[in-house]
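The values are calculated or read from the model by the stated rules, or taken from the named source; none is laboratory data. The structure displayed is predicted, hence computed values, not measured ones. Positions of Cβ are backbone-derived with ideal geometry, glycine not excepted, and every protein chain shown enters the neighbour counts.
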Amino acid sequence: MALDVKGLCKKYDHQIAVDDLSFSIEKGAVVGFLGPNGAGKSTTLKMIAGYLAPDAGEVILNGISNQKEPIAFKQLIGYLPESNPLYEEMYVKEYFSFLASLHKISNTSQRIAEVIEMTGLTPMQHKKIGALSKGYKQRVGIAAAIMHKPALILLDEPTSGLDPNQLIEIRSLIQSLSKDAIVLFSTHILQEVSAICSSVIVLHQSKLVANTTIDQLTKPSKPAVCVVFEEEITPFLEDLFWKSLEYEQVDKQVLVVKAKDLSLLKKNILNYALDKGLNIQALQTQEASLEEIFKLLTH
């Protein structure tokens, strides 16, 4: 099972919303879709879902094209748009029965019960959707997206409006869904991506700027060490040793030093400190945070 997005393009008048976007995702992946506002995330999700026709390009899921076989394609996807449109005059369980009939689900009662339990809607199942809080409405939207056990689940800002306890529950749910499906979701919460995603796709100004695993994304191209001295290091920075290195002085006693070979760098710093009579309190490898990488990619 795989999702293949090939050369997607979308333009509004003179504004390019999505520019020649291509990527692939395999079954079992939870992929975070990142980018600043206006980068093209929601537009891309709408095109993948078949809700919006692309100007160019194609989306293929399990060998089925969203353009050549649109009905068969849409039967394989579950989609929660950013706006989360709901029939607010319907009761929660009534709404799910309606969806089950549309999808022609067998064992309707059993599947509705499963989805209600999975999304934590048991205490709300007999209430009108319009009377629910925003967080519970989001749960109803997620439940609607997974009712028919889709192969691809598209979630646009799925945790918007959830309180901290609900966030933990929905994150756990999203991870569990990846056992049988591909999950692609957009979010602005980078901690969420770190917590549940196996990989990320980053858009900036309508273009793809990153498509990689979390580990590879946060692995710096040039590793760094943070060195904490007991003495003030400033007087020593005119030395040729430091001029040969790429470093940043954080304060009087702390330096962040970059080099391709960390082992050699640490050895050289220790030898230098010994030679100059300096005492080192700490010498730690430093990794870039997801926030720092995101700023770098979308600056």
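Brief remarks on what is shown
- Residues that are outside any loop (DSSP other than H, G, I, E, B) and either in contact with a strand residue (DSSP E or B) (Cβ under 8 Å, 6 or more places away or on another chain) or outside the structural domain of residue 185 (by TED's automatic domain parsing) (or both) within the stretch 72-91 comprise 72, 73, 77, 78, 79, 80, 91, listed in sequence order.
- The stretch 32-45, subset surrounded by fewer than 22 Cβ atoms within 10 Å (Cβ to Cβ) and more than 15 Å from residue 7 (Cα to Cα), residue modelled with the highest pLDDT: 42
- Some residue of the stretch 162-172 being in a loop (DSSP other than H, G, I, E, B), basic (Lys, Arg) and assigned by TED's automatic domain parsing to the domain that holds residue 66: no
- Just one of the listed residues (97, 65) is farther than 24 Å from residue 27 by Cβ and in the same structural domain as residue 6 (by TED's automatic domain parsing), and it is 97.
Yes or no, residue by residue, for (1) buried (at least 17 other Cβ atoms within 10 Å of the Cβ); (2) farther than 17 Å from residue 283 by Cα:
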| position | (1), (2) |
| --- | --- |
| 166 | yes, yes |
| 170 | yes, yes |
| 188 | no, yes |
| 197 | yes, yes |
| 227 | yes, no |
| 231 | no, no |
| 244 | no, yes |
| 261 | no, no |
